[in-house]
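**Q** If you scroll down you'll find the structure; I have some questions about it.
The values are calculated or read from the model by the stated rules, or taken from the named source; none is laboratory data. Since the model is a prediction, treat every value here as computed from it, not as a measurement. Here the Cβ positions follow ideal geometry from the backbone for every residue, glycine too, while neighbour counts run over all protein chains shown. Just so you know, the surface numbers come from the protein's heavy atoms only, side chains and all, with ligands and any DNA or RNA stripped out. Shrake-Rupley method; radii C 1.70, N 1.55, O 1.52, S 1.80 Å.
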Amino acid sequence: MTAALPRQAASPEEPQRPPETPGHKAKRRGLTLLIIGLLIGVPAGYLVISAAQSRNSGKDKESKYSATGLTEGWPSKVQRRLYQVPVPHPADTIAYYETNNWKTSRLYVQFRTNSAGLDSFLEGMGVNRDALKKNDISISSRDQKISGWKFNGPGTWSGLTHKQKNPAPTQDVVVNTADPNFPMIYVVSRTVP
């Protein structure tokens with residue numbers, strides 16, 4: 001058995017604390033509860049907010065990847081770089097759609113720009129306006145069906161196919177110059193993974 005150690009007497013110079021009053025005891029307990037509540041509540045609140053944001057992000061991605069046709073808006077910078085589709089500024093009426101499978105990945109993009117934007121777009125692909133052939137619908141009927149594009153209405157159609165060595169993508173381009181100041185451009189860029 002161990003012997004109990006004797007208590008050390010209080011120093012005569014140290015003032016003695018008054019006994020704790022019920023009000024002081026309630027304050028101390030309240031402060032302790034507040035600190036414990038904050039230590040538990042703040043991380044729990046953070047987890048709830050984080051989980052909600054993560055769930056919403058998943059829903060956004062799900063809707064993006066379950067799309068079955070053109071989606072309004074700009075393709076991401078990564079998509080534009082990977083498929084080498086240099087959408088110029090200014091551009092409007094922008095829509096895109098991406099398909100992927102084990103054999104081929106495709107990015108469908110449409111936009112309207114001005115005459116200088118068309119030149120900038122073609123230059124960014126490594127070609128110029130001379131490469132466009134009048135009345136050449138270079139986008140296949142299969143790709144037209146997938147994208148919902150129809151090139152049989154009014155318009156002055158021109159097209160080109162820009163073939164590149166793998167892994168660089170091949171682009172099929174159709175340009176509607178019915179309004180020469182604001183041509184409408186349709187692109188299918190495909191790459192083999």
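**Q** Could you please let me know if Asp136 is of a type in the set (D, E, K, R), open to solvent by less than 100 Å² (accessible area, probe 1.4 Å) and outside any loop (DSSP other than H, G, I, E, B)? Walk me through it before giving the result.
**A** Numbers: of a type in the set (D, E, K, R): yes; open to solvent by less than 100 Å² (accessible area, probe 1.4 Å): yes; outside any loop (DSSP other than H, G, I, E, B): no.
The answer is no for Asp136.
**Q** Tell me, which residue of the stretch 140-193 that is open to solvent by 60 Å² or more (accessible area, probe 1.4 Å) and among the small types (Gly, Ala, Ser) is nearest to His89 (Cα to Cα)?
**A** Within the stretch 140-193, the match that is nearest to His89 (Cα to Cα) is Ala178.
**Q** Answer yes or no: is there a residue in the stretch 91-113 that is within 26 Å of Phe182 (Cβ to Cβ), modelled with pLDDT of 90 or more, of a type in the set (D, E, K, R) and loosely packed, with under 14 Cβ neighbours inside 10 Å.
**A** Yes, the stretch 91-113 has at least one match.
**Q** In the stretch 165-193, what count of residues is obtained for those that are in a loop (DSSP other than H, G, I, E, B) and in contact (Cβ under 8 Å) with a residue 12 or more places away in the chain?
**A** Filtering the stretch 165-193 down to residues in a loop (DSSP other than H, G, I, E, B) leaves 165-169, 177-183, 192-193.
Filter once more, keeping what is in contact (Cβ under 8 Å) with a residue 12 or more places away in the chain: 166-169, 177-178, 180-183, 192-193.
Number of matching residues: 12.
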